[in-house]
1. Gln285: net charge of surrounding residues, Cβ under 13 Å, Lys/Arg +1, Asp/Glu -1, itself excluded?
2. Whole-Hz ³J(HN,Hα) for each residue in segment 198-213, computed from phi via Karplus 6.51 cos²θ - 1.76 cosθ + 1.60 with θ = phi - 60°, x for glycine and proline: what do you get?
3. Leaving out ligands, DNA and RNA, and with a 1.4 Å probe, what % of the accessible surface on segment 186-298 is carbon or sulfur?
4. Tell me which residues come under 5 Å, amide H to amide H, from Ala113 once H is placed; ignore anything under 5 positions away on its chain.
5. Which net charge results when you count Lys and Arg as +1 and Asp and Glu as -1 among the other residues whose beta-carbon is under 12 Å from that of Asp127?
6. In Å², and per residue, what accessible area does segment 76-119 have when probed at 1.4 Å with the other protein chains present?
7. How much FRET efficiency would the formula 1/(1 + (r/R0)^6) give for Ser164 and Ala102, where r is the Cβ-Cβ distance and R0 is 25 Å, rounded to 0.05?
Amino acid sequence: MKASGTAAVLGLTVGLGLAGCSEHAGTSAASPPTASTATGTPRPPPPSTPATPSAPDTATAAPSTSPADPASVVESFYAAINAHDYRRAWDLGGSHLGRPYADFAGGFADTVADVIGIDDVNGNTVDVHLHALHTDGSTADYAGSYVVENGTITYGSLHLVATSSPTRTPVPSAPGGQVGTLNPDVTQATIHSTICVPGWTASIRPPVHVTEQLKREQLAASGAADKDPSHYEEDHIIPLELGGAPADPANLRPVPLSRASADDRLENSLHRAVCDGAMTLTAAQSEIERAKASETQP
């Protein structure tokens, strides 16, 4: 989601509160004193009647359906946004965030993924952090909270924490189709046993001497004026953490060090979105292909 005045609730402090009311208990009047005889001797109480035992309550309360817990509602809200199901997000609380539906849905036009993290839940208040990835490769991080009542968000407040600059000019699609190659061991069904396992990519990364040699060969064959290998990083077009082929030369290329760091930020954002369930593996691969297809090669 873009950090601008048009981007849904991000960059804004949006508040909707429910009117509160206080309830006070009344004070009962004191009971009148018991009447006395003319001599001042208290009248004896009337004989008590044995209480009739009440019949046992055999009625069984009907089971009630509780609304989803507050954290799940917030997660469902962002899952709907990432699925472009803005009507469902609207019903989950977007309608309470102070904007017409068209503006609410349109605010996500330049959003690739919103990755929500739950920091704390205190009653109906859910503290969150949000990582937003935009179509131009820029990112924005937010922190704030939501209030959930009866399964619906009724209040939201987020503030901007950090941003990163765009990594490229947006392009509608990658020219020439796929620009990298894939690792057949990595699919949507296997991400939690492969790319989402810490340290897994290190186990398949090709040796440095192999990639360094390939980098020298590719630079020598290129039209780059600067052919100094120390000024470049051998980059996986589709990174290993998104299911790229480890050692296929068609998935490797030299990129200037300055651009490599920007690419790394985008790759890390996409990887986090895939492993958090905010984005499919195929969508992330397509996004990184599109990003790198627009970059000038050495």
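1. In short, -2.
2. Working through the residues one at a time gives x, x, 5, 5, 5, 6, 10, 5, x, x, 4, 5, 6, 5, 5, 5 Hz.
3. Carbon and sulfur: 57 percent of the exposed surface of segment 186-298.
4. Leu133
5. Residues close to Asp127 contribute a combined charge of -2.
6. 41 Å²
7. Values: r = 29 Å, r/R0 = 1.15.
E between Ser164 and Ala102, to the nearest 0.05, is 0.30.
The values are calculated or read from the model by the stated rules, or taken from the named source; none is laboratory data. Keep in mind the model is a prediction, meaning the values are calculated, not measured. No Cβ is skipped: glycine too gets one built from the backbone with ideal geometry, and neighbour counts run over all protein chains shown. For the accessible areas, the whole protein counts, side chains as well, though only heavy atoms, and no ligand, DNA or RNA atoms are used. Shrake-Rupley method; radii C 1.70, N 1.55, O 1.52, S 1.80 Å.
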